[in-house]
Amino acid sequence: MLTGIHVAFIGGDARQLEVIKRCIQLDASVTLVGFDNLESNFTGATKKPLTCDVLKDVDALILPIVGTDDQGYVESIFCSKQMQLLDEHVASLPSHCVVYTGMAKPYLKKLLASTQLPLVELLDRDDVAIYNSIPTVEGALMMAIQHTDITIHGSQSIVLGLGRTGLSMARALHALGARVRVGARRQEHLARIYEMGLTPFHISEVRQQVTNADFIFNTIPQLLLTAEVIAQMPQSAFILDLASKPGGTDFRYAERRGIKALLAPGLPGIVAPKTAGQILAQTLSRLIADQRKAPGGDAT
């Protein structure tokens with residue numbers, strides 16, 4: 001239970017609604033900032049503007065998946081006004097407050113560093129990332145089917161990266177009957193790809209591997225699909241870049257070549273916001289509860 005804990009939400013999308021519901025169910029005191037246009041009202045939650053006074057007794061501050069942009073603006077689909085998180089807002093938070101977000105840009109990290117408030121980046125956690133890979137893969141498959149005129153079954157499919165999303169992506173493609181090749185750097189990853197019954201290759205060989213590719217799914221946030229690599233692809237190839245912005249693809253050159261290439265970060269919040277929100281709600285509620293138990297109030 002979160003009885004006696006004050007949780008404040010600043011901005012967000014439909015995923016936050018599931019987290020809000022969970023916090024209310026667990027008896028937290030909930031303040032909503034940037035939810036002015038939210039049609040449904042949550043019993044037990046209070047809507048307030050972004051002021052220093054609102055934040056002075058907050059135990060847990062929850063920001064959107066991308067906490068702020070490079071100028072400190074916080075995105076909210078439920079508010080038409082711009083909200084900017086400033087030094088004075090952070091300074092007003094109590095010393096035991098923990099700030100939660102999906103990923104933090106340098107602005108937010110610098111803002112919090114001056115106060116030494118703990119910051120938890122949820123997408124850095126293995127549990128959240130693995131759970132999130134499920135809606136990510138489903139969304140990726142949906143987009144691949146929508147934007148091509150061939151079946152995934154029997155296709156030449158390439159996955160770049162065997163991280164948490166890449167592993168789930170490769171498994172799903174294999175289960176659907178695709179001929180799957182996976183590019184990785186680490187020897188243990190190449191061994192795992194082989195063990196899974198897939199075809200491994202070192203990422204440095206990507207230029208040679210794409211010559212007959214139907215689908216390329218990139219999960220590595222580094223420019224790997226360069227103009228030189230894309231030049232080797234058939235024009236019918238479809239690139240879906242799942243890495244965080246700006247992705248790992250030369251989209252300008254892909255367009256010039258007539259190759260369809262899409263950047264699709266944040267698929268869980270787009271294709272399955274309810275499920276993605278429940279994943280965050282489960283993890284956040286546990287972290288906030290642990291925060292109260294931990295020595296010094298730090299989240300673990």
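Side notes on the structure shown:
- A Cβ distance below 6 Å, combined with a sequence gap of six or more or placement on separate chains, defines the contacts here; from the range 138-167, residues that are under 16 Å from residue 276 (Cβ atoms) and touching a residue at least 24 places away in the same chain (Cβ under 8 Å) reach residues that are open to solvent by 80 Å² or more (accessible area, probe 1.4 Å) and of a type in the set (Val, Ile, Thr) in the pairs 164/130.
- Any hit, the range 65-86, residues being open to solvent by less than 80 Å² (accessible area, probe 1.4 Å) and charged (D, E, K, R): yes
- For the range 76-89, a residue qualifies if it is outside any loop (DSSP other than H, G, I, E, B) and either among the charged types (D, E, K, R) or under 24 Å from the mean Cα position of the chain (by Cα) (or both), and the qualifying residues are 76, 83, 84, 87, 88.
Matching residues to (1) open to solvent by 40 Å² or more (accessible area, probe 1.4 Å); (2) within 24 Å of the chain's Cα centre (by Cα); (3) of a type outside the set (Ser, Thr, Tyr); (4) closer than 30 Å to residue 13 by Cα:
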position: 246; (1), (2), (3), (4): yes, yes, yes, yes
position: 259; (1), (2), (3), (4): no, no, yes, no
position: 270; (1), (2), (3), (4): yes, yes, yes, yes
position: 285; (1), (2), (3), (4): no, yes, no, yes
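For (1) modelled with pLDDT under 95; (2) open to solvent by less than 60 Å² (accessible area, probe 1.4 Å); (3) over 19 Å from residue 281 (Cα atoms), each residue gets a yes or a no:
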| residue | (1), (2), (3) |
| --- | --- |
| 41 | yes, no, no |
| 44 | yes, yes, no |
| 47 | yes, no, yes |
| 59 | no, yes, no |
| 89 | no, yes, yes |
| 104 | yes, yes, no |
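- The sole residue among 43, 31 that is touching a helix residue (DSSP H, G or I) at 6+ places or on another chain (Cβ under 7 Å) and either among the polar types (S, T, N, Q) or in a strand (DSSP E or B) (or both) is 31.
Rundown of residues vs (1) under 18 Å from residue 4 (Cβ atoms); (2) more than 26 Å from the chain's Cα centre (by Cα), yes/no style:
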position	(1), (2)
22	yes, no
28	yes, no
34	no, no
44	yes, yes
49	no, yes
65	no, no
68	no, no
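- Among residues of the range 185-216, those that are closer than 22 Å to residue 144 by Cα and among the small types (Gly, Ala, Ser), counted: 1
The values are calculated or read from the model by the stated rules, or taken from the named source; none is laboratory data. Here the structure is a predicted model, which is why all the values come from computation and not from measurement. Please note: Cβ atoms are built from the backbone with ideal geometry, for glycine as well, and neighbour counts cover all protein chains shown. With ligands, DNA and RNA removed, areas are computed over all heavy atoms of the protein, side chains included. Shrake-Rupley method; radii C 1.70, N 1.55, O 1.52, S 1.80 Å.
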